[in-house]
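Only one structure is covered here, and it is reproduced in the block below.
The values are calculated or read from the model by the stated rules, or taken from the named source; none is laboratory data. Quantities reported herein were computed from a predicted structural model and do not represent experimental measurements. Neighbour counts are summed over all protein chains in view; Cβ atoms, including those assigned to glycine, are modelled from backbone coordinates with ideal geometry.
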Amino acid sequence: MIKSTVHKFGKWYCQKMNIKEYHSQQFRRINERPIEFSFVFDCLKKIIPTSILDVGTGTTALPHTMRNCGFKVTAIDNISDYWPDGMFNRHFHVIDDDITDTKIKDNFDAVTCISVLEHIEKFDDAVANMLSLLNPGGHLILTCPYKETEYQKNVYKMEGASYGQNLPFICQMYSRKELDGWLEANNAELVEQQFWQFWDGPYWTFGNQLPIPKQVSKDELHQHSCMLIRKK
């Protein structure tokens, strides 16, 4: 009787929250997720992993959506350090774990890390641990701000950034140098890389946002990259 009552209250509360969120929607801007999620699922349909680790889930529904596709999914986020007020994901269970010092013991066929690595100061440790958690031949699907020829420590603090100045975390832009270092240090290879222009300025958030993101070559103006990396 108590269990039934608790479940009924839980369903009622979730329904009320859904209705509230539905009515409070306001358009701000289209972000990078359509490009990133499209890349994720294009990769998943090519590699068909059985098990997936999603790193830095936050409050997104990505693990839930991947689970709906049949994959066995584990989701982690450094809740203790990056969410000082706590974080609850109503779509999926998220384990509190720091990927730079992970306690995860399982191995996976694929790891997804979508617009997360740029906020991690110890990014080399994060990439090394994500690749170490892969089975041999497994794949890391990685997306982040990127400029082929130049690394930036924190674009949010650069003069000309259109937003992010008051956010409590950094936003790095990686380059070919960091990418090559990850591959060499972790016995991995680059399978696929896409370059995307989201802004008309030289860095992430600089200038005007393009109404429609544009896939370009590495020699053209870009601020973002989607990468598929294979562990040898």
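Report, by residue number, each residue of segment 168-187 that is aliphatic (A, V, I, L, M) and in a helix (DSSP H, G or I). First the steps, then the outcome.
So in segment 168-187, the residues aliphatic (A, V, I, L, M) come out as 170, 173, 179, 183, 185.
Selection gives L179, L183, A185.
Give me the residue from segment 201-232 that is surrounded by 13 or more Cβ atoms within 10 Å (Cβ to Cβ) and among the β-branched types (V, I, T) and, out of that set, nearest to S162 (Cα to Cα).
The extreme case among them is T205.
Specify the residue that is nearest to F108 (Cα to Cα); the eligible residues are those in segment 66-90 that are touching a strand residue (DSSP E or B) at 6+ places or on another chain (Cβ under 9 Å) and in a loop (DSSP other than H, G, I, E, B).
Keep residues of segment 66-90 that are touching a strand residue (DSSP E or B) at 6+ places or on another chain (Cβ under 9 Å), which gives 66-67, 71-80, 83, 87-89.
Next, from what is left, pick out any that are in a loop (DSSP other than H, G, I, E, B): 71, 78, 83, 87-89.
Working: F71: 11, N78: 19, W83: 26, M87: 25, F88: 24, N89: 22 Å.
Per the stated criteria, the residue is F71.
Do we have any residue at all in segment 188-200 that's assigned to a loop (DSSP other than H, G, I, E, B) and surrounded by 14 or more Cβ atoms within 10 Å (Cβ to Cβ)? Quick ask: steps written out before the conclusion?
To start, the set of residues in segment 188-200 that are assigned to a loop (DSSP other than H, G, I, E, B) comprises 200.
This time we only want the ones that are surrounded by 14 or more Cβ atoms within 10 Å (Cβ to Cβ), so: none.
No, that holds for no residue.
For segment 145-167, enumerate the residues that are outside any loop (DSSP other than H, G, I, E, B) and either among the β-branched types (V, I, T) or surrounded by fewer than 17 Cβ atoms within 10 Å (Cβ to Cβ) (or both).
Hits for segment 145-167 are V155, K157.
Would you pick out the residues in segment 23-46 that are exposed (fewer than 11 other Cβ atoms within 10 Å of the Cβ) and within 26 Å of P145 (Cβ to Cβ)?
Q26, F27, R28, R29, P34, K45, listed by residue number.
Does segment 206-232 hold any residues that are touching a Cys at 6+ places or on another chain (Cβ under 8 Å) and either modelled with pLDDT under 95 or closer than 13 Å to M173 by Cβ (or both), and which are they?
H224, S225
Please find, within segment 1-32, the residue that is farthest from Q197 (Cα to Cα) out of those that are under 32 Å from the mean Cα position of the chain (by Cα) and among the hydrophobic types (A, V, I, L, M, F, W, C).
W12
For (1) surrounded by 12 or more Cβ atoms within 10 Å (Cβ to Cβ); (2) under 24 Å from S225 (Cβ atoms); (3) among the hydrophobic types (A, V, I, L, M, F, W, C), each residue gets a yes or a no:
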position: E21; (1), (2), (3): no, no, no
position: M66; (1), (2), (3): yes, yes, yes
position: I76; (1), (2), (3): yes, yes, yes
position: S80; (1), (2), (3): yes, no, no
